[in-house]
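The structure appears below as structure tokens.
No value in this document is a laboratory result; all are computed from the given coordinates. It should be emphasised that the depicted structure is a prediction, and the values quoted were computed from it without experimental measurement. When we count neighbours, we look across all protein chains shown, and the Cβ atoms used for this are built from the backbone with ideal geometry, even at glycine.
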Amino acid sequence: MSRFILALDRAIDSDTLKELSRHLHGVKIGIPLILDIGVDGVEDLLSCCRWGEVIFDLKLADVSSTMVATVSRIRDMADSVIAHAFIGVAGALDGLKLYLDDHGINLYLVAAMSNPGWNADLYYGLLREIISHIDPYGLVVGATYPRYIGLARRDFPDKVIISPGIGVQGANPGDAVCSGATYEIVGRSIYQSRDPVESLKSMIDQQNRKIRNCSSGVSDLS
């Protein structure tokens, strides 16, 4: 089993997905996939496989009632959901966290995006305070910001850290884990590949080599 999570924003055939699942920790379901095939279609697609974790990335950034209403549509499929930390606590993340706790669903909060326009120097301090208050299950920190993965690992040593941005966005397999992430998220490099399974296996090999060679920062999966 690798330290990869597949970001699935486009449907792929069930046989390919089943083979991919054998090499993945989990899958992250994005809004484009839900819009393409619907909630029922996503449920059918996921039923092909046994997943370590199913994460729904619904870009949650609203008042509590709206976020709870959104999550309620997929709660029977979700092990975890991702929300943005910048929306704050009162009337937003407090109500969402309460709902998720009541239904046994984990919450990840975004601490740093992976896109080049994200100003981590400006935002991280504020987001750290909100994260500390909410006490989520885990954090999302872009693999393209290794310094902030290290800071998040230092500030939140017991949290699961998942890092998008591997492949198309420029981070290499193993970079984020060596900086302190628990899992790396890869999407387009796999589902847009002519041979998704072989592409994933190649990335796993790269990830394993990088982890073996890095000297510090590797979080324990146990």
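List the relative contact order of the range 52-185 as a percent without decimals, with contacts defined as Cα pairs under 8 Å and 6+ residues apart.
19
For K97, go through the aspartates and glutamates and keep the ones whose alpha-carbon is under 20 Å away, minus same-chain ones fewer than eight residues off.
E53, D57, D62, D76, D79, E129, D135, D158
Going by C-beta contacts inside 10 Å, put L109, L20, L35, L45 in order with the fewest on the left.
Sorted ascending by nearby Cβ count, the order is L35, L45, L20, L109.
Given 0.36 nm per residue, what is the gain on full extension from R10 to D135 after removing their alpha carbon distance, in nm?
41.9 nm
Please give every one of the lysines within straight-line cross-link reach of K28, meaning a C-alpha to C-alpha distance under 16 Å, and leave out same-chain neighbours fewer than 8 residues apart.
Excluding near neighbours in sequence, the set is K18, K59.
Counting Lys and Arg as +1 and Asp and Glu as -1, each charge on the Cβ, what is the dipole of the range 89-222 about the Cα centre in debye, to the nearest 20?
Charge dipole of the range 89-222: 480 debye, to the nearest 20.
Let me check I've understood the local charge: for P164, count other residues with C-beta under 10 angstrom from its C-beta, Lys and Arg +1, Asp and Glu -1. What total comes out?
Local charge sum for P164: -1.
Quick one: grab the alpha carbon gyration tensor of the chain, order the square roots of its eigenvalues as a ≥ b ≥ c, and give me rounded if a/c is under 1.5, else prolate or oblate depending on whether a/b is larger than b/c.
Taking the square roots of the gyration eigenvalues as a ≥ b ≥ c, the chain is oblate.
Relative contact order for the range 11-54: what is it in percent, counting Cα pairs under 8 Å that are at least 6 residues apart?
59
Does the range 34-83 classify as rounded, prolate or oblate by the C-alpha gyration tensor (a ≥ b ≥ c root eigenvalues; a/c under 1.5 gives rounded; else a/b over b/c gives prolate, otherwise oblate)?
prolate
Filter the chain for me: DSSP H helices, axial length by Cα at least 15 angstrom, mean Kyte-Doolittle hydropathy not below 0.5. List them by residue number.
Both cut-offs are met by 31-46, 120-134.
So for V168, V197, fewest C-beta neighbours within 10 Å to most, what's the order?
Going from least to most buried by this count: V168, V197.
Quick check: Cα centre of the range 1-54 to Cα centre of the range 133-211, how many Å?
Between the Cα centre of the range 1-54 and that of the range 133-211, the gap is 17 Å.
Antiparallel DSSP bridges in the chain: what percent, to the nearest 5?
Rounded to the nearest five, the antiparallel share is 0 percent.
Which of the three applies to the range 20-60, rounded, prolate or oblate, going by the alpha-carbon gyration tensor with a ≥ b ≥ c and a/c under 1.5 meaning rounded?
oblate
Suppose every Lys and Arg Cβ carries +1 and every Asp and Glu Cβ carries -1, with no other charges. What dipole size does the range 4-197 come out with about its Cα centre, to the nearest 20 debye?
Charge dipole, the range 4-197, about its Cα centre: 440 debye, nearest 20.
Going highest first, how would you order 83-94, 110-121 by mean Cβ packing within 10 Å?
Highest mean packing first, the order is 83-94, 110-121.
Which of these, Q192, Q206, Q169, has the largest mean-square fluctuation under a Gaussian network model of the chain (Cα springs below 10 Å)?
Q192
For L58, list long-range residues whose amide hydrogen, built 1.01 Å from N in the peptide plane, is under 5 Å from its own amide hydrogen.
I82
Going by how many other Cβ atoms sit within 10 Å of their own, how do D175, D155, D13 line up, fewest first?
D13, D155, D175
Could you tell me the relative contact order of the range 2-90? Use alpha-carbon pairs under 8 Å, at least six residues apart, and round to a whole percent.
Relative contact order, the range 2-90: 27 percent.
Pulled fully out, how much extra length does the chain show between V63 and R50, if you take 0.36 nm times their separation in residues and subtract their Cα-Cα distance?
1.4 nm is the gain from fully extending V63 to R50.
At 222 nm, what helix-only mean residue ellipticity would the chain give, in deg cm²/dmol to the nearest 500, using -39500 (n - 2.57) for each DSSP H run of four or more?
Value at 222 nm, helices only, nearest 500: -12500 deg cm²/dmol.
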